[in-house]
């Protein structure tokens, strides 16, 4: 069921964007109601992981977060309708590091379903359209990736929108001593090798579209933790 408070939040976001203010849309109202019973579970599992008691409880909720140095009070709860179905997705944001560490949506029967996890070398960001996500990943000095994604409805996952990556391996499998750049313009587009100058422009464009919300004043996991 769509909540009137969510629609009101969406209208407020539209007004803010229309005013020319260069800031992320406000967190949608009503998200706390949708995820109110889930957040204490997540907070308890996260607290166990940060206390060195293992990540099994967190993994059972789909999360791959494993940084024990993140206090509960540094993880903000933000809500945005990423898939356009009128209901908010839950974005758990590492406020100090400034990236999205987990995203949850609601499946067809209204149960939270995990979409993605982010960490230091696999960072996700909200983009300035308020819906899509931007990912920066790295598995080594010459292996990096920059990707944009749209969120599919009912927790069906992500769909690639565009990818830029670096590698010392060419498309035919040949190893080289230099960093090569490859661009895939869409989920169905063919990946091609591109010049470094073009790659730098694409990187700058992706960086410009990042639009993370100000987490000051947002509820945090500490607000949902019950000992």
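So here's what we get for this one:
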quantity	calculated
Test: residue in region 120-131 that is at positive phi, at pLDDT below 95 and in contact with a helix residue (DSSP H, G or I) (Cβ under 7 Å, 6 or more places away or on another chain)	yes
Residue ID - nearest to residue 115 (Cα to Cα), chosen from residues in region 56-69 that are in contact with a helix residue (DSSP H, G or I) (Cβ under 7 Å, 6 or more places away or on another chain) and modelled with pLDDT of 95 or more	61
Extreme residue, modelled with the highest pLDDT, among residues of region 17-35 that are surrounded by fewer than 16 Cβ atoms within 10 Å (Cβ to Cβ) and over 20 Å from the mean Cα position of the chain (by Cα)	33
Filter result (free of Cβ contacts under 8 Å to residues at least 40 places away in the same chain and surrounded by 15 or more Cβ atoms within 10 Å (Cβ to Cβ)) within region 36-47	41, 45
Long-range neighbours under 8 Å by Cβ, at least six apart or interchain, first residue on the phi > 0 side of the Ramachandran plot within region 58-83, second surrounded by fewer than 23 Cβ atoms within 10 Å (Cβ to Cβ) and not in a helix (DSSP H, G or I)	62/113; 62/114; 62/117
Among the candidates 150, 210, residue that is closer than 21 Å to residue 119 by Cβ, surrounded by 14 or more Cβ atoms within 10 Å (Cβ to Cβ) and under 24 Å from the mean Cα position of the chain (by Cα)	210
Test result for residue 197, free of Cβ contacts under 8 Å to residues at least 12 places away in the same chain and closer than 23 Å to residue 91 by Cβ	no
Evaluation of residue 226 against (1) closer than 30 Å to residue 35 by Cβ; (2) part of a strand (DSSP E or B) (one fails), failing number	(2)
Single residue of 141, 97, 88 found to be surrounded by fewer than 18 Cβ atoms within 10 Å (Cβ to Cβ), touching a helix residue (DSSP H, G or I) at 6+ places or on another chain (Cβ under 9 Å) and either under 18 Å from residue 221 (Cβ atoms) or without any contact (Cβ under 8 Å) to a residue 60 or more places away in the chain (or both)	97
Condition check for residue 173: surrounded by fewer than 17 Cβ atoms within 10 Å (Cβ to Cβ) and modelled with pLDDT under 95	no
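The values are calculated or read from the model by the stated rules, or taken from the named source; none is laboratory data. Note that the structure is a prediction, hence the values are computed from the model and not measured. As a convention, Cβ positions derive from the backbone with ideal geometry for all residues, glycine included, and neighbour counts pool all protein chains shown.
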